[in-house]
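The values are calculated or read from the model by the stated rules, or taken from the named source; none is laboratory data. As the structure is a prediction and not an experimental result, all values here were calculated from the model. Note: accessible area is taken over every heavy atom of the protein model, side chains too, but ligands, DNA and RNA are not part of it. Shrake-Rupley method; radii C 1.70, N 1.55, O 1.52, S 1.80 Å.
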Amino acid sequence: MKSFFTRQTEPFVYHKYYLLLQKRWAEKMKSVTDGLSKTKLIWGLLFFTVLTSGYLIYNLYRTFYKQAEVSTASKIKTINLKN
């Protein structure tokens, strides 16, 4: 149990594909947002936040308050085990 609380001596190494994907994503986002002013960036962030939180609230509402669409069985049939 003591080994869980000791400091890690060697640094964590990420996988090369993860680092490549992270680099490409950063380059893509930089090229998309290069010409935008600070105000436009803030409005874009607010729009993205409202859009994603609305989608989250919609999914939660649909999950918890959706009418059950389960069809009920017409009649329970018993199995006759007599031979």
Rounded to whole Å, √(5λ) for the Cα gyration tensor eigenvalues of the chain, largest first, gives 50, 31, 15
Measure nothing fancy, just the Cα-based angle from helix 16-33's long axis to the longest principal axis of the chain, in degrees from 0 to 90, nearest 10.
70 degrees
First compute the accessible area of the chain with a 1.4 Å probe, then give the percent of it belonging to carbon and sulfur atoms.
64 percent
Nearest 10 degrees, 0 to 90: what angle lies between the long axis of helix 38-65 and the longest principal axis of the chain (Cα atoms)?
10 degrees
Taking 0.36 nm per intervening residue step and subtracting the Cα-Cα distance, what contour gain separates Lys2 from Lys30 on full extension?
5.6 nm
Mind checking the per residue accessible area of the chain for me, 1.4 Å probe, whole number of Å²?
115 Å²
